[in-house]
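Working notes, beginning with the structure itself.
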Amino acid sequence: MTSEIILSIENLKTYFFTKKGIVRAVDNISFDIRKGEILCIVGESGSGKTVTALSILRLVESPGKIIEGKIILDEDNLLELSPHKMQDVRGNKIAMVFQDPHSALNPIFTIGDQVSEAISAHKSCNKEDASSQATQLLELVGIPLAKERYHDYPHQFSGGMKQRVVIAMALACHPRVLIADEPATALDLTVQAQILDLFLELRARFEMSIIYITHDLGVVSEIADSIVVMYAGRIMEKGGSRDVLGNPVHPYTKGLMGCLPSEKGIIIPIPGTIPGLINPPAGCIFHPRCVNALDICRMERPPMTKITDEHYVSCFLGGVNG
Ligand code: SF4
């Protein structure tokens, strides 16, 4: 991995303007991803992980709106690009793999035709070339007997194999950044492990940067170079995976780690639930669930504090809460 920053998210705010009020789904977040890095965004459901990904691709649908911030790729602020240029970015620089491979594939076309179509959509090539490249991509993502299976339909593939096909389609444009939103969550554990291995292989082979979204800290420990911990639309802690997992500072990160089974199989859940985002708690948004909360935590939003050059936390206790 190099230190070259590929994508920078700066002070991003994405709100949903609903009849009940404004939902601050992503509320002032900043992070960078480097070339060849796997960055995991981790948090519970409702923490803003997926909205962050959709914001990067400018795919947030009404009543959602990106209201502030910058998303810098190749010195361009993606939020200022014309719809046409943004389409080009989505086609050629950033691709996304969603959680459910079943809905990403069209049941009436063969697997090969769908991958081939994804290739033709991004570069001009004749049908034969597209078909041969599609076979190569299917081989690359680990579809056995790719040439024969090219002519199969989605229903003839298992969930894990379908997800490999969807990843092949995402790779069709040789993206520099691949965003994967819980790509293995719907799959059984063995297949999950194979899909994680595939992402590691792709990173090693193409020096691709991968943003991997998950609620599962076990997955994060397997693949992350760096970690962004999100809660209720905000970043609680971010840094290199060794720092965040080896020396977690934020009470929420520690709480998530308590949700992993210990050697004795003990799980300590975080008490309470994620708050509503229309009228979020004042001050630190985690304070209603935080066992360390101080008076100031109920009144002021904690700033992002540097612990080391690569490790930051948003907590008044900074690095001193043991
Ligand atoms: Fe807990 Fe206060 Fe830190 Fe928030 S700022 S996580 S309430 S100690």
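Label the stretch 149-219 by shape, choosing from rounded, prolate and oblate, from the square roots a ≥ b ≥ c of the eigenvalues of the Cα gyration tensor; if a/c is under 1.5 it is rounded, and otherwise prolate applies when a/b is larger than b/c, oblate when it is not. Each step should come with its number before you reach the end.
Numbers: a/c = 1.98, a/b = 1.14, b/c = 1.74.
Oblate is the answer for the stretch 149-219, as a/c is 1.5 or above yet b/c matches or exceeds a/b.
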Problem - Carbon/sulfur fraction of accessible area - the stretch 194-287, other protein chains in place, 1.4 Å, % - result: 53
Problem - Full-extension gain in nm, Thr110 to Lys85, via 0.36 nm per residue minus C-alpha separation - result: 6.0 nm
Handout entry: Segment Asn247-Gln136, length gained on full extension (0.36 nm per residue, minus Cα span)
Key = 35.7 nm
Handout entry: Gap separating the Cα centres of the stretch 274-297 and the stretch 81-135, nearest whole Å
Key = 43
Completion exercise
Treating only Lys and Arg (+1) and Asp and Glu (-1) as charged, each at its beta carbon, one finds that the chain has a dipole about its Cα centre, in Debye to the nearest 20, of 800
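If the chain between Ser103 and Lys35 were fully stretched, how many nm would it gain, using 0.36 nm times the residue separation less the Cα-Cα distance?
Details: separation 68, 0.36 × 68 = 24.48 nm, distance 3.01 nm.
So the chain would gain 21.5 nm between Ser103 and Lys35.
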Practice task
Write down, largest first, the equivalent ellipsoid semi-axes of the stretch 1-116 in whole Å, where each equals the square root of 5 times an eigenvalue of the alpha-carbon gyration tensor.
Solution key: 24, 21, 15
Practice task
Can you sort Tyr312, Tyr231 by 1.4 Å-probe accessible area, starting with the largest?
Solution key: Tyr312, Tyr231
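Can you give me the % of accessible surface on the stretch 149-192 that is carbon or sulfur? Probe 1.4 Å, all protein chains present, nothing else counted. Before the final figure, lay out each step's value.
Details: 910 of 1650 Å².
Carbon plus sulfur share of accessible area: 55 percent.
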Practice task
For Ile268, put the label point 7 Å out on the Cα→Cβ axis and report which residues of the stretch 284-301 keep their amide N under 16 Å from it.
Solution key: 289-293
Fill in the blank from the handout: Over the stretch 19-111, with neighbouring protein chains present, the accessible area per residue in Å² at probe 1.4 Å is 49
Exercise for the section: Could I have the simple spin-label model distance between Lys65 and Arg205, label points 7 Å from Cα toward Cβ, reported in nm to one decimal? Expected result: 4.3
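Relative to the Cα centre, what is the charge dipole magnitude of the stretch 182-305, using +1 at the beta carbon of each Lys and Arg, -1 at the beta carbon of each Asp and Glu, and rounding to the nearest 20 debye?
Numbers: 10 positive and 13 negative charges, 94 e Å.
Here the stretch 182-305 has a charge dipole of around 460 debye.
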Fill in the blank from the handout: Zone reached by a paramagnetic label modelled 7 Å from Ile22 Cα along Cα→Cβ, restricted to the stretch 42-65 with backbone N below 14 Å, covers 64-65
Problem - Where N is the number of residues in the chain, Cα Rg divided by 2.2 N^0.38 Å - result: 1.04
Completion exercise
Placing +1 on each Lys and Arg Cβ and -1 on each Asp and Glu Cβ in the stretch 120-173, then taking the dipole about the Cα centre, the residue among Ala130, Pro154, Leu140 whose Cα reaches farthest towards the positive end is Pro154
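The values are calculated or read from the model by the stated rules, or taken from the named source; none is laboratory data. The structure displayed is predicted, hence computed values, not measured ones. FYI the Cβ positions are ideal-geometry reconstructions off the backbone, even for glycines, and counts take in every protein chain you see. Please note that ligands, DNA and RNA were not included when accessible areas were found on the heavy atoms of the full protein model with its side chains. Shrake-Rupley method; radii C 1.70, N 1.55, O 1.52, S 1.80 Å.
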